[in-house]
Every structure is written in structure tokens, then in C-alpha cells.
Amino acid sequence: MYEFIITFAKFGLVGFIGFVLDFGITYVFKEKLRVNKFAANSLGFSIAVINNYVLNRHWTFQSANLHYGQEFSLFVGVSLLGLAINNLILYYLNEKFKVTFYLSKLIAIGVVMLWNFLVNYFVTFA
């Protein structure tokens, strides 16, 4: 159980780093370089996912899997499903149940963090 909690904490720290990268890159490309907001957002998300994969593979889960492409594809798939879950929760809480946007986003982030961690722990890096 201790190992599981430590792994979860590492996963959370990596996620926070990814969050900072995502927002930072999106901001720089959108606001400073005047790149289309959707392109900037996609670039920020993509760089964060790549970073999160590398840090989680080597530090959080210490994976020895030699099938990098397969493992990375699973990680990206889990991340994309997490993004879809995040948007669904955000939509339903904010639009249907009238929960404030940022509280809805906070709840969605918490749910998706658990989703991403559990699937990556038991599937991607198992």
C-alpha cells in the first residue's frame, strides 16, 4: 500500500509539471507568438503528454518495457480518453447542473487524475 501511495504522489507531481508545461506553452504560442489558439492549445497538450510519458515511464513507474511505441500509444490513448472524460464532466456539471466553471474543472481534474493513474498503473505500466 505504501508503494501505491508513493507512486500516486509521483504521478501527481508529474501531472502538475505537465499542467504547467501545457499552460505555459499554450500561453507563449497564443499570446506572444500569435499562433491560432487551437493550434497553441494542441501544442501545449501534446508537449505535456510527451513529457508526462517520459517522466512517468522513468521515474513514477520505472518501466522496463522494451516496447516503447506500444507503451507510448497506450499512454496517449489513456490521456485522450481522460481529456474526453474531463470535457464531459465539465459540460455536465457546468452546463446541466450549473456548478461554477472552475469548481467543475477542479472536480473533473480530480476524477481524470484518478482515471489516468489507475489505468496507467494497472495497464500501461503494469
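Bear in mind these aren't lab numbers, they're just calculated from the coordinates by the rules spelled out. Note that the structure is a prediction, hence the values are computed from the model and not measured. Cβ coordinates were reconstructed from backbone atoms using ideal geometry, including for glycine residues, and neighbour counts include every protein chain displayed.
Things to note:
- Just one residue in the set 79, 63 is surrounded by 12 or more Cβ atoms within 10 Å (Cβ to Cβ) and either of a type in the set (Lys, Arg) or not in a helix (DSSP H, G or I) (or both); that residue is 63.
- For residue 124, the conditions (1) over 21 Å from residue 5 (Cβ atoms); (2) surrounded by 17 or more Cβ atoms within 10 Å (Cβ to Cβ); (3) touching a residue at least 12 places away in the same chain (Cβ under 8 Å); (4) touching a Phe, Trp or Tyr at 6+ places or on another chain (Cβ under 7 Å) all hold with the exception of (1).
- If you go through segment 86-126 and keep only what is farther than 27 Å from residue 61 by Cβ, of a type in the set (Lys, Arg) and in a helix (DSSP H, G or I), you end up with just 96.
- Enumeration of residues in segment 73-121 that are touching a residue at least 12 places away in the same chain (Cβ under 8 Å) and among the charged types (D, E, K, R): 105
- The set of residues from segment 32-60 being of a type in the set (S, T, N, Q) and not in a loop (DSSP other than H, G, I, E, B) comprises 41, 42, 46, 51, 52, 56, 60.
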